[in-house]
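The values are calculated or read from the model by the stated rules, or taken from the named source; none is laboratory data. Quick caveat: nothing in here was measured; it's all calculated off a predicted structure. Here the Cβ positions follow ideal geometry from the backbone for every residue, glycine too, while neighbour counts run over all protein chains shown. Keep in mind that these areas ignore ligands, DNA and RNA; they rest on the heavy atoms of the full protein, side chains included. Shrake-Rupley method; radii C 1.70, N 1.55, O 1.52, S 1.80 Å.
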Amino acid sequence: MTRTESLFIGGTWTEPDGGHYEVIDPATEEVVGLAPEASRAQVHEAAAAARAAFGAWSRTRPEERAALLDRAADIMARDADRLTALAQAETGATTGTARGMQVAVGVSRFRRYARGALEPVEQALPPQINEAGPMGRAGVFGALAVRRPVGVVTCITSYNNPWANPAGKVAPALAMGNTVVVKPAPQDPLSVYAMARALEEAGVPAGVVNVVTGSAPGVGEAAVDSPDVDMVSFTGSTAVGQRIGEVCGRDMKRQLMELGGKGAALVLDDADLDAAVTGIGTTFAFYSGQICTAPTRVLAQRGIHDRLIEKLTGYLAFMKVGDPRERGTVVGPVISAAHRDRVESYVELGRKEGARVVAGGERPDLDRGFYVAPTLLADCTNTMRVVREEIFGPVVVVVPFDDEEEGIALANDSDYGLIDYVWSGDTARAFRVAARLRAGGVGVNTVGRNMEAPFGGFKKSGVGRDVGSYALHAYSELQAVVWPG
């Protein structure tokens with residue numbers, strides 16, 4: 001599987017100025033491949049290529065854009081086994097996750113936005129009767145609100161899903177007639193190059209899609225500050241998002257940002273505890289906790305607090321940690337040795353802050369790989385750093401509360417507001433609580449998602465919304481067209 005990749009700039013596979021760096025399999029610590037290290041000049045060259053291609057691509061018929069996205073999806077589906085193996089090698093995801101939640105979701109998003117390219121972009125507005133005046137003669141004026149492509153979009157993607165995340169940016173951006181510069185996360189960029197090769201085989205015109213990579217921050221910085229870039233779509237940490245926002249603000253570039261999360265899971269005293277435990281347990285299993293939407297901050301009403309901890313502890317006992325390629329593995333490695341150390345440091349911090357380690361807390365006894373034991377911390381308070389900060393690993397903290405008002409206050413006492421959750425046997429109560437949570441999404445008795453619902457965060461969890469048709473809106477500008485009747 002080991003291969004040496006090249007940059008994809010202006011329709012040409014280009015050797016990088018900075019050589020290559022190693023992409024490491026988190027489960028085996030072996031080299032998966034060599035990713036190119038672009039120079040600042042090459043990143044700007046990619047943005048210039050996207051600018052040159054924008055005019056023609058933005059004027060293509062929607063049917064042409066739809067057909068290209070469908071062809072690309074067909075190619076990815078054809079090569080699904082190979083692409084699944086690549087995604088697994090880069091990310092350490094279990095086989096089921098790599099196949100079903102990474103590659104398959106990437107394919108489905110290309111198909112969704114093939115349909116999206118055909119969605120109407122015009123909205124007729126009510127006519128307006130104007131009297132004669134300084135602006136002209138009296139008359140009836142019609143108007144349309146029309147969505148137009150933004151221009152050149154830089155897509156900076158996260159490491160936790162190198163298929164679904166880039167596909168969720170690239171496909172709707174292309175469907176709307178934009179051109180893109182994709183800068184994947186440095187830990188697992190090879191899947192994005194595979195996506196680019198599928199688009200190339202599908203017939204994407206030169207310059208419409210460009211991919212640049214690098215292990216150094218300068219590559220991402222160049223992809224943001226290029227004068228040819230009109231918009232930046234970023235998924236990643238809040239701290240990096242804030243720096244990107246500062247750069248974009250200087251030139252008034254459009255932004256779409258999906259940032260950090262510390263999802264509150266309010267478990268009320270009338271909840272189905274088995275359902276709540278199953279939902280919360282996805283934090284440990286899904287991407288080994290490396291997911292911003294995870295219900296990592298459990299707020300348990302005192303009436304069920306002890307039973308909930310007991311059930312969560314029992315749930316953890318059945319979660320096999322190990323080689324993601326082996327049948328039965330539930331929790332694979334985290335992305336890197338550095339991230340493993342970071343997660344472990346948070347567990348140790350929790351101990352020092354007074355949290356009780358109910359389960360986990362020690363490194364699994366495995367010969368190789370960047371593994372973290374699923375960890376449950378109890379006796380927590382909302383002032384602890386392990387409760388307030390995003391750990392991005394298989395760690396859940398539990399905070400008790402007395403009544404509904406206190407639970408809501410604790411949930412909202414956070415810098416983040418991406419997705420929160422409510423478990424209650426009383427649906428009306430659950431929806432009443434959900435309405436008061438300051439989060440971009442709320443799951444009621446579920447951690448499931450509706451992939452047509454808007455996705456994004458309040459507060460420091462992001463700016464803007466995507467998914468479904470909302471992504472098409474995010475990658476477009478509104479233009480008003482007015483005429484006399």
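Charge dipole of the chain (Cα centre as origin; +1 on each Lys and Arg Cβ, -1 on each Asp and Glu Cβ, all else neutral): 960 debye, rounded to the nearest 20. Comparing 73, 128, 48 along the charge dipole axis of region 1-149, the residue lying farthest to the positive side is 128, per the Cβ-charge model. Computed on protein heavy atoms with a 1.4 Å probe, the accessible areas place 297, 368 in the order 368, 297, largest first.
Determine the dipole magnitude for region 399-452: charges of +1 sit on the beta-carbon of Lys and Arg, -1 on that of Asp and Glu, nothing else is charged, the reference point is the Cα centre, and the result goes in debye to the nearest 20.
Computed charge dipole of region 399-452: roughly 300 debye.
For region 1-106, the solvent-accessible area with a 1.4 angstrom probe is 42 square angstrom per residue. Compute the long axis of helix 40-58 from its Cα atoms, compare it with the longest principal axis of the Cα atoms of the chain, and write down the angle in degrees, 0 to 90, nearest 10. That works out to roughly 60 degrees. Calculated [222 nm] ellipticity per residue, helices only, for the chain: -11500 deg cm²/dmol; basis is -39500 (n - 2.57) per DSSP H run with n ≥ 4, divided by all residues, nearest 500.
DSSP finds beta bridges in the chain, and of those with both partners inside it, around 45 percent are antiparallel.
Amide H contacts of residue 216: none lie under 5 Å away among residues 5 or more positions distant or on a separate chain (H built 1.01 Å from N in the peptide plane; Pro and chain starts excluded). Placing unit charges on each Cβ (+1 for Lys and Arg, -1 for Asp and Glu) gives region 258-351 a dipole about its Cα centre, and among 281, 333, 266 the Cα reaching farthest toward its positive end belongs to 333. Assign one of three labels to region 227-349, namely rounded, prolate or oblate, based on the Cα gyration tensor with a ≥ b ≥ c the square roots of its eigenvalues; rounded applies when a/c is under 1.5, prolate when it is not and a/b is larger than b/c, and oblate otherwise. Note, shape of region 227-349 comes out prolate. The trypsin sites (Lys or Arg not before Pro) found in region 118-177 that occupy coil by DSSP, while having at most 15 further C-beta atoms within 10 Å, are 137. Here each label is just a point 7 Å from Cα along the line to Cβ, and for residue 313 and residue 243 those points are 4.2 nm apart.
Working note: Karplus 6.51/-1.76/1.60 with θ = phi - 60° gives region 173-182 the couplings 5, 5, 4, 7, x, 7, 10, 9, 10, 9 Hz, where Gly and Pro are set to x.
The string of couplings for region 10-18 from the Karplus curve (6.51, -1.76, 1.60, θ = phi - 60°) is x, x, 10, 7, 10, 5, x, 5, x Hz, one whole number per residue in order, with x for Gly and Pro. Proximity of backbone amide H atoms, modeled 1.01 Å from N, is registered between residue 39 and 17, 18 at under 5 Å, excluding neighbours fewer than 5 places apart on the same chain. Name the residue farthest towards the positive end of the dipole of the chain from the options 217, 482, 167, assuming +1 on Cβ of Lys and Arg, -1 on Cβ of Asp and Glu, about the Cα centre. Final value for the positive-end residue is 482. Once backbone amide H atoms are built at 1.01 Å from N, residue 32 has 23, 24, 25 as its partners under 5 Å, excluding neighbours fewer than 5 places away on the same chain. The 3J(HN,Hα) values that the Karplus relation (6.51, -1.76, 1.60; θ = phi - 60°) gives for region 245-260 are, in residue order, x, 5, 5, 4, x, 5, 10, 6, 6, 5, 9, 9, 10, 10, 10, x Hz. Gly and Pro appear as x.
Each Lys and Arg contributes +1 and each Asp and Glu -1, all at the Cβ; summed about the Cα centre of region 339-438, the dipole is approximately 240 debye. Across the chain, C-alpha contacts under 8 Å between residues 6 or more apart give a mean separation that, scaled by the residue count, equals a relative contact order of 18 percent.
Solvent-accessible area assigned to carbon and sulfur over the chain amounts to 53 percent, based on a 1.4 Å probe.
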